[in-house]
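Below you'll find the structure, written out as structure tokens, and then a few comments.
The values are calculated or read from the model by the stated rules, or taken from the named source; none is laboratory data. These numbers were taken from a predicted model, which means no experiment stands behind them. No Cβ is skipped: glycine too gets one built from the backbone with ideal geometry, and neighbour counts run over all protein chains shown. Surface accessibility is based on the protein's heavy atoms, side chains included, excluding ligands, DNA and RNA. Shrake-Rupley method; radii C 1.70, N 1.55, O 1.52, S 1.80 Å.
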Amino acid sequence: MPYVQTNSPFLKKSKPPAPSKKKSLGYYNKAKSTGTGADAGGGMSEKGVKKYRRDNPGSKLKTAVTKDPKKLKKGSKAWKRRKSFCARSKGWKCKRGRAARRRWNC
């Protein structure tokens, strides 16, 4: 076997495995038929996003853009994120998808 130097800059470090779906279920709010926004199952709460980022270093996950679209400055980062999300999620018909779109003001 050839000798491999352990602190060589040419060796790539492997990434840790992505969290399983079963593990990531704990980050989402439970869907409530009487709730609105995150309580209705419309995505992660701020607390859930913080927990996810703690558990997955290097993650760039952000919470929903819940600000009124009229108050967002056109062309801003938040405006672009909201527009992109709304375009991607047009086909979501399930209860959780509708709640997420409602939370993002789509």
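Whether any residue in region 49-69 is open to solvent by 30 Å² or more (accessible area, probe 1.4 Å), of a type in the set (Val, Ile, Thr), at pLDDT 85 or above and out of contact with any Ser or Thr (no Cβ under 6 Å at 6 or more places or on another chain) is what I want to check.
Scanning region 49-69, I find at least one residue that is open to solvent by 30 Å² or more (accessible area, probe 1.4 Å), of a type in the set (Val, Ile, Thr), at pLDDT 85 or above and out of contact with any Ser or Thr (no Cβ under 6 Å at 6 or more places or on another chain), so the answer is yes.
Out of the residues in region 88-102 that are among the hydrophobic types (A, V, I, L, M, F, W, C) and open to solvent by less than 100 Å² (accessible area, probe 1.4 Å), state the one that is nearest to VAL65 (Cα to Cα).
First pass over region 88-102, keeping only residues among the hydrophobic types (A, V, I, L, M, F, W, C): 92, 94, 99-100.
Right, trim to open to solvent by less than 100 Å² (accessible area, probe 1.4 Å) and you get 94, 99-100.
Numbers: CYS94: 20, ALA99: 14, ALA100: 11 Å.
Of everything passing the filter in region 88-102, ALA100 is nearest to VAL65 (Cα to Cα).
Considering only residues that are closer than 20 Å to LEU61 by Cα, in contact with a Phe, Trp or Tyr (Cβ under 9 Å, 6 or more places away or on another chain) and not in a helix (DSSP H, G or I), which ones fall in region 73-106?
SER89, TRP104, CYS106
Scan region 80-103 residue by residue and report those that are in contact with a helix residue (DSSP H, G or I) (Cβ under 8 Å, 6 or more places away or on another chain), closer than 24 Å to LYS47 by Cα and without any contact (Cβ under 8 Å) to a residue 60 or more places away in the chain.
If the condition is that a residue be in contact with a helix residue (DSSP H, G or I) (Cβ under 8 Å, 6 or more places away or on another chain), closer than 24 Å to LYS47 by Cα and without any contact (Cβ under 8 Å) to a residue 60 or more places away in the chain, then ARG82, CYS86, SER89, ARG101 are the ones that fit.
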